[in-house]
Each structure stands twice: as C-alpha cells, then as structure tokens.
Amino acid sequence: MDKNQKIEELLNRGVERIADAKHLKERLLSGEVLRIKHGVDPTGPNIHIGRAAQFLKLKDFQDLGHKIVLIIGDFTAQIGDASDKQATRKPLSRKEVEENMKNYTKQIGQILDIKKIELHYNSEWLGKLTAAELLDLAMKFTAQQMIQRRNFKERWEAGSPIGLHELDYPILQGLDSVKIKADVELGGFDQLFNLEIGRDLQKIFNQQPQDIITLKMLYGLDGRKMSTSWGNVINIIDSPNEQFGKIMSMQDSLISGYFELCTRVPLNEIEGLPSRDAKAILAKKIVEIYHGERAAKEAENEFNRVFKEKKMPSEVPEVKITEKSINILELLVQIKLAPSKSGAKRLVEQGGVKIGGKVSKDWKGDIEIKKGLIIQAGPRRFVKIA
C-alpha cells in the first residue's frame, strides 16, 4: 500500500468514531509528525487482545512515522476508571498497581517499537497536583456534565452510588493530554467521554484540541465485552496452544470483528470462507503476532492432532496425588481442572470429564489413583497422574 492507502486504512479499519476526521486526515496527509497519546491503567497484570487492538492501531501510526506517547496510569489506576462500569470500581493500592505494571512494557513491546516510544507514568504530574489545582480544574466543569455520561446516568437513575472520586477521573485523564501536548488520543469507544474532556481541557490551557479516534468493541469469547474479570479473554502472553484453542472455540459471529481489530489481514481475503477455515486462519495470524510463525504452525498442528485426529496432546502436565482413591470433584479441584466443587459438579454432569479416556458422569463416585492415569476436562485440558 502507498501512504494514502495506509492513511485510509488507519482511519477506517476497526474505527468507531473520529473527532475531527477531516482535520486529522489533513494533518496526516501533510507529513506533520503527530503526538499520538494512549493511556493504559494497569488494573491487572496481563494485556488481553481487546486492549492490544489499540496497540495495533498505534503501530499503524508508528509505521507512518508518528510519535507514540504512552502513558501508564499508575496514579489513575488507584482511582479506577468508571467508563464501562455499573458499580464503583474497587480502588487499587499502590502495591497492587506496581505489581501489575511489572511486565506491561514487555507485553506492549511485542507490538510496538518501545525504543521509539515516549513513555510516561501519570504520577509524574498527578502525584504533584495540589488540592487547589484540582479544585481549579474541577470548577471548569459541572456535576451535570459528569452525570450525563451514559453509565453514570444509569447508575443515578437506579439509585446506585457514584463516588466523588469517579467524577474526577475524566479530568485527571484529560490533564494527561495537556501535560504531553497530545495531537491525537486513541481509545476504546467506551472512553469517548474521557477523551472529549481532554479536548476541553486543552482548549482551557490554550492548546489545540486533540483529535480523537475510538475503536469498535472487541467482544470476548462468550459474546460479552472482553474483560479480565469475566474470564472471557485471550491474553497476549497466553501460550500459542491456548491462543489457538480459544479462538477455535469462540462464536462464529465474532470472527469478522476479530479479523478487523486483532489482525491486519485484508478483509476481502476471508470473505466467503467457511467459518472453521476462517477461524483457523485467524488463530494462526494471532499466534504469529505474539509468538512468531513457527509457534503458530506448531499450535495449528497440535490443535489438529487433538481435535481432528483425536490423539493425546504432545505434552500433558503431570501432578502427584497422595491419596489412593479420591472423590472425582475433589480430584478436579486439586489438579486445578475446576475452580470449585460446584464447578466440577457441573462439568461432570455435562459430560465434560473423561477419566482414562471414558466419560464420567457420576460426581459422587471415587476415582482409583494410578500412575499414568489421564484426566480430561473439556476439550483442551489434560492432566496425567505422576
């Protein structure tokens, strides 16, 4: 693709909304080097591919020669962004934030060229903000403005609590844009309110307001928004086999959205393909991004070995069990194939457990423990008794 085509792709692929689209396109065509801001709060230790879709869009900007300004929200993570929440988010301690941040830049570096990034932690300026300065900023906005954002309005009408600190969050995020003089800010579509507050603050500080790009939502494996708290995620540090298997198990209706947001495969290449073939291509492409071509091919071979050829996985984790016999529910919890006895019971009743290759539906029964015994839960999880 030539430069003009790359700009068109950047402005359209996976994009929900741009403010101001005409202005941004003119600046991109002019050859000006823009400061592209993106902020991420370390609310958990892993980055899932829903978040990574935004880093892929940043890579598009980086490949065109623009400056990526990445802000790790070590300060704002202690408050909690309410953008997509129907209840007050539990604030994180400084210790929790630091633990979550440990591998952030390493994970982001799998997509972006970290050496070319301008990296900031927003505690650099927010940690020094005085009460007088915060009040001065707060006086630029009204409670009505904040309450009108969709999820606050819903919580207000439902009588659900809204913390005063939650109303401050958009102002603090917006101040990030002022401090780094952002030309463009990129975020998920649920971030639009916060990003627009950034534009307002830049005007107040006599800066040119940032253009905004919001991306479409990437849904999780179960069709809901991808969220670590719901466990419906694919993390970029998941093993190749995990990533491949999770994608092959997801709903067919999600395939095109994943291609658009999580890969750079031309969309016309997958039009008309049977869903299983399209999923296999998608799985391979995503594994390639985070683990390389060789790992993607090996993951594909392993998947075919287990699901098409009905063979055992090449490698099965081993565990030691001291009991000579044990109730099946206790066994599944002990070897971590189920999170709880109630979860194990559901799995057994649904026919999702095999002991020595045979389906077991008797959740009351005991299992005789023998070395080499294979326990399978669901289509992809296996454990061998050592």
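The values are calculated or read from the model by the stated rules, or taken from the named source; none is laboratory data. What you see is a predicted model; the values in this text were computed from it and never measured. Cβ: placed from backbone, ideal geometry, glycine included. Neighbour counts: every protein chain shown.
Assorted remarks:
- Members of the range 284-314 that are closer than 24 Å to A386 by Cα, among the charged types (D, E, K, R) and touching a helix residue (DSSP H, G or I) at 6+ places or on another chain (Cβ under 9 Å): E302, K311
- Close pairs from the range 351-365: first in the same structural domain as I326 (by TED's automatic domain parsing), partner among the hydroxyl-bearing types (S, T, Y), Cβ under 7 Å, at least 6 apart: V353/S360; K354/S360
- When the range 224-259 is filtered for residues that are more than 26 Å from N304 (Cβ to Cβ) and touching a helix residue (DSSP H, G or I) at 6+ places or on another chain (Cβ under 7 Å), the ones remaining, listed by number, are R224, M226.
- For R276, the conditions (1) farther than 26 Å from L56 by Cα; (2) at pLDDT below 90; (3) outside any loop (DSSP other than H, G, I, E, B) are fulfilled apart from (1).
- The residues of the range 116-162 that are closer than 30 Å to V69 by Cα and either basic (K, R) or loosely packed, with under 10 Cβ neighbours inside 10 Å (or both), listed by number, are K116, K128, T130, A131, A132, L135, M139, K140, R149, R150.
- Residue list for the range 314-332, filter: closer than 26 Å to G231 by Cα and either surrounded by 17 or more Cβ atoms within 10 Å (Cβ to Cβ) or among the aromatic types (F, W, Y) (or both): I328, L329, L331, L332
- Residue satisfying all of: in the range 199-255; free of Cβ contacts under 8 Å to residues at least 60 places away in the same chain, outside any loop (DSSP other than H, G, I, E, B) and under 14 Å from the mean Cα position of the chain (by Cα); surrounded by the most Cβ atoms within 10 Å (Cβ to Cβ) among these: Q243
- Taking the range 135-188 and the helices (runs of 4 or more DSSP H) fully enclosed by it, the elements with 3 or more residues that are of a type outside the set (A, V, I, L, M) are at 150-158, 164-180.
- All positions within the range 49-80 that are touching a Phe, Trp or Tyr at 6+ places or on another chain (Cβ under 6 Å) and surrounded by fewer than 22 Cβ atoms within 10 Å (Cβ to Cβ): I79
- Filter result for K371 (at negative phi, part of a loop (DSSP other than H, G, I, E, B), free of Cβ contacts under 8 Å to residues at least 24 places away in the same chain and more than 36 Å from the chain's Cα centre (by Cα)): yes
- When the range 335-349 is filtered for residues that are of a type outside the set (G, A, S) and more than 23 Å from N241 (Cβ to Cβ), the ones remaining, listed by number, are K341, K345, R346, V348, E349.
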